[in-house]
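Here the structure is laid out as structure tokens; the discussion comes afterwards.
The values are calculated or read from the model by the stated rules, or taken from the named source; none is laboratory data. Small disclaimer: the values here were computed from a predicted structure and weren't measured. Quick reminder, even Gly has a Cβ in these numbers, built from the backbone with ideal geometry, and neighbours come from all protein chains shown. Surface accessibility is based on the protein's heavy atoms, side chains included, excluding ligands, DNA and RNA. Shrake-Rupley method; radii C 1.70, N 1.55, O 1.52, S 1.80 Å.
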Amino acid sequence: MTGHFIAVPVAALFCYIFLMIAFMAAKKTKLINSFLLVLVALILWAGGSFCMRALLMPSIKFWYDISLLGLTLLPVTLANFFAEFVGSKERLLKKIWFILFVVINIINIATGALLAHPVLVHIGTDEKFVYYPTWSVVLLFVYFAVIFSHVLYVLIKNSENNELVRKQFTPIIIGIIILFIGHLFVMLSIFQGFPTDILSGVINALCIIYAMYKKRLFKLTLLVSRGICYFITIGLTILIFSNAIPGMERFIASSFSDFSNHRVLLIAVLFTIAILLLYHVIKKFIDTVFIKDEIVRAENLKKFSSSVAKSLRIDEILEELVNVIQYTIGVKRVYVCVLDNTTEEYKIAYSTSPLDQMTLNIKKDSPIVRLLSEQGECLLMKDFRRTMAYKSMWEEEKKQLIELDIECFAPLRDEDELIGIILLTSKEKNNSYTYDDVGFLGSMDTIGSIAVKNSKLYEKAYLEARTDELTGLLNRKYFYESLQEEYEKHNNQSLALIILNIDDFKLFNQLYGNKEGDIVLMKIAQIIKSTVGDNGHVARYSGKEFAIILPLYDILSAMSIAENIRKQISNINKKTKDYALKALTVSGGICAIPHSASTLRQLVDNADMAVYHAKRRGKNLILAYSVEKKDLEHEINGIEEKKKADIYAEYASAIYALTAAIDAKDHYTFNHSKRVAYYATRLAYAYGMDEDFVRIIKEAALLHDIGKIGVPEHILNKAGKLSEEEYEKIKDHVENSIGIIRHLPSLDYVIPAVIGHHERYDGNGYPRRIAGEDIPISARMLCIADAFDAITTQRAYKQPSTALEALEILEVNAGRQFDPVLVPIFVHLVNNGLINIDEETIKMYE
């Protein structure tokens, strides 16, 4: 073997094989596989160069062609690698580069036209390989230049708006430039014979590895695996024994002549022993230098995973998370921010010390959150400062991060959602964060985010089990638990209880429907919750009752809060929609330990008793229970009993005036309204409604078409089919009716029935297009009565149908236009003579 710089390709070949063995053990991804293809090209290049310089069989040209094959394959594999590195989906150019690679090698192997193989030249005692390039070598450089230019373009394009990505690409770009310069130098006479191209290839490979390490695509411990230990051991053993074998043979022949015939066996045994000893020594050295920290980190991760698997409490999980990070990385302080979905902010939920500043809140739209969500990995402050995201932050936000000495951000992710952020300050002794630290935090993200997610799901389930679904307040079961806890906690101290009962809530639901009732319940719950705040516990005690537990409150303080709530509730419906809803009031009772109760049972019973007395006194009242029951009874019994007056009598004149007005305009509508009132009240009685409701639905029926006063007579009495424009005018009568009634506050209770009597059960009615039980029951009854009368009476545009035909239409449309529960009841009433359709019966009913 000659001395023509063979050491360079040998070293390069050794380096590439070393990397190949290391990366073969790595987890296979598209990026890792594309880098393995780069190593294949480099091995062909360096291996062919080594075999050529070693003058191995079959010829210099053969090994030169292998080397050039690897060299021309290299830009193709590099382009593929960089496309994977940046996530490019471009496939056409990959195919073009491969076709060029095949064409170039076919032409050069056959003719040597692009770059012929070098000639071995003897200069004195030295030997050198000398190239004699022609102008056609320019085509090779153009081939390299075009591909590498495209690679640089892709890298720059994908990093122009991202400083972090640009920093990751920098070593790759440097490696490409060095590789290109190395190929230029090999053509210069000053470097004649020296393989600058091979040397630049080694440097380029190291630059790529460094970039992959910075992108955290593998760990350095990958380069010190068991396979690498074997590789180094065998290499060193061969190197040692290749120089020691002649001396060993002489030593055995002179000192152990009896074994001279078995010296090959002895040397083989010694060779095996040397391999084993060297392997253990090298492995011990590597474990001490490289693997020790990795083992510690793995052990800490295992302990953390085991600990959090045993707990579902968020505070315990965060405490363990903070402790493991602080111990493993050696950081001064750690803060964990968790997403608060109500405020859409990441708030500090735990830190290394209870004395730490906990005021930092990171908004969900913060540049930090956006960058962590996009990258999905840790972010060092020194890198973050270089980004446009940092420059776009408010100065106050930057100041907070500086005051807390934040040096690293680590995400806690639930799939694509960022559920938390770990903030780390500077390390002990002000050491820099390593990429192994960042890798460890990435592992903590995987385990920690699952633990945090599970704990939040547990807390959500726990909260749902304790709270009322509609209002979000404590439910009845956990009201009693909270009451017991507060009683035990504040033993021998004051504990007040307020119970609030909504007055006439059943009537409210009947008038406006359950949906409107639910809205009111939520509003009342919000009023109570915001008034009480952190001073006590609020529960939904029953369907229309709320309970408030007030530790350390006396009767007077509790009375002040209850009165405040009562006044707010009475104003709820004064600002609603385009028509007035029925005013809401509450009756409340207050009791307190030890002033007017000695046990929890007495506390609850006495508060209930006070509610009962507030109802008896006329509702919309807060009463405190007194130990002297006779005083309270005396006050109640002292109130003069009154006969129940007809609360609607004062409105009769207004109703008469309105019906007379419509009678003057359209006599049919007047008689129609009276008949509808008769049918609807019969249906209401049959459905089990009380006298108050029946009176309301009667008055609603009398007024339901009052808006037709505003419809032109020629449309009301038109004999033919209405045009679309005329039909829209007819439909306006509903809104017109509400427009008239809303100015008569004494009649506002009929509005739900009037506004909903043209709604359909399937949601295709008008004017609000509501459906099902969202339509108030009074409106659903009015709808059936209205339709039945319209079908069975004569109009200018139609002849009357029989009652049986009308009932059949109702039954066919039950569940579509009409309430499917009410229709069978109405049909039963007509079929059994409980509803008569003759005018005399209706007049008698009036």
Subset tally (residues that are touching a residue at least 40 places away in the same chain (Cβ under 8 Å), part of a loop (DSSP other than H, G, I, E, B) and closer than 21 Å to Ser598 by Cα) for the range 471-495: 4
Any hit, the range 66-87, residues being over 19 Å from Ile208 (Cβ atoms), among the acidic types (Asp, Glu) and either open to solvent by 20 Å² or more (accessible area, probe 1.4 Å) or in a helix (DSSP H, G or I) (or both): no
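Does Asn491 satisfy the criteria of being at pLDDT 90 or above, out of contact with any helix residue (DSSP H, G or I) (no Cβ under 7 Å at 6 or more places or on another chain), over 23 Å from Asp774 (Cβ atoms) and not assigned by TED's automatic domain parsing to the domain that holds Ile770?
Values: at pLDDT 90 or above: no; out of contact with any helix residue (DSSP H, G or I) (no Cβ under 7 Å at 6 or more places or on another chain): yes; over 23 Å from Asp774 (Cβ atoms): yes; not assigned by TED's automatic domain parsing to the domain that holds Ile770: yes.
No: the conditions fail for Asn491.
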Subset of the range 362-377 (residues that are in a loop (DSSP other than H, G, I, E, B) and either touching a Lys or Arg at 6+ places or on another chain (Cβ under 6 Å) or open to solvent by less than 10 Å² (accessible area, probe 1.4 Å) (or both)): Ser366
Residue within the range 779-793 that is charged (D, E, K, R) and surrounded by fewer than 17 Cβ atoms within 10 Å (Cβ to Cβ) present: no
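Every residue, every condition in (1) touching an Asp or Glu at 6+ places or on another chain (Cβ under 8 Å); (2) modelled with pLDDT under 70; (3) open to solvent by 60 Å² or more (accessible area, probe 1.4 Å), yes or no:
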site: Asn243; (1), (2), (3): no, yes, yes
site: Asn261; (1), (2), (3): no, no, yes
site: Val269; (1), (2), (3): no, no, yes
site: Thr272; (1), (2), (3): no, no, yes
site: Asp293; (1), (2), (3): yes, yes, yes
Subset of the range 602-616 (residues that are within 24 Å of Gln484 (Cβ to Cβ) and in contact (Cβ under 8 Å) with a residue 24 or more places away in the chain): Leu603, Val604, Ala607, Asp608, Ala610, Val611
Condition met for Leu37 (in contact with a helix residue (DSSP H, G or I) (Cβ under 7 Å, 6 or more places away or on another chain), open to solvent by 20 Å² or more (accessible area, probe 1.4 Å) and modelled with pLDDT of 80 or more): yes
Tally, over the range 735-772, of residues that are modelled with pLDDT under 85 and within 26 Å of Glu691 (Cα to Cα): 15
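What do you reckon, is Val627 at pLDDT below 70 and aliphatic (A, V, I, L, M)?
On the way: at pLDDT below 70: yes; aliphatic (A, V, I, L, M): yes.
It is true that Val627 is at pLDDT below 70 and aliphatic (A, V, I, L, M).
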In the range 386-415, the residues that are surrounded by 13 or more Cβ atoms within 10 Å (Cβ to Cβ), more than 25 Å from the chain's Cα centre (by Cα), at pLDDT 85 or above and not hydrophobic (A, V, I, L, M, F, W, C): Lys398, Gln400, Asp405, Glu407
Residue satisfying all of: in the range 328-341; in a strand (DSSP E or B) and at pLDDT 85 or above; surrounded by the fewest Cβ atoms within 10 Å (Cβ to Cβ) among these: Val338
Residue list for the range 342-361, filter: surrounded by 15 or more Cβ atoms within 10 Å (Cβ to Cβ), of a type in the set (S, T, N, Q) and either part of a loop (DSSP other than H, G, I, E, B) or touching a residue at least 40 places away in the same chain (Cβ under 8 Å) (or both): Thr352
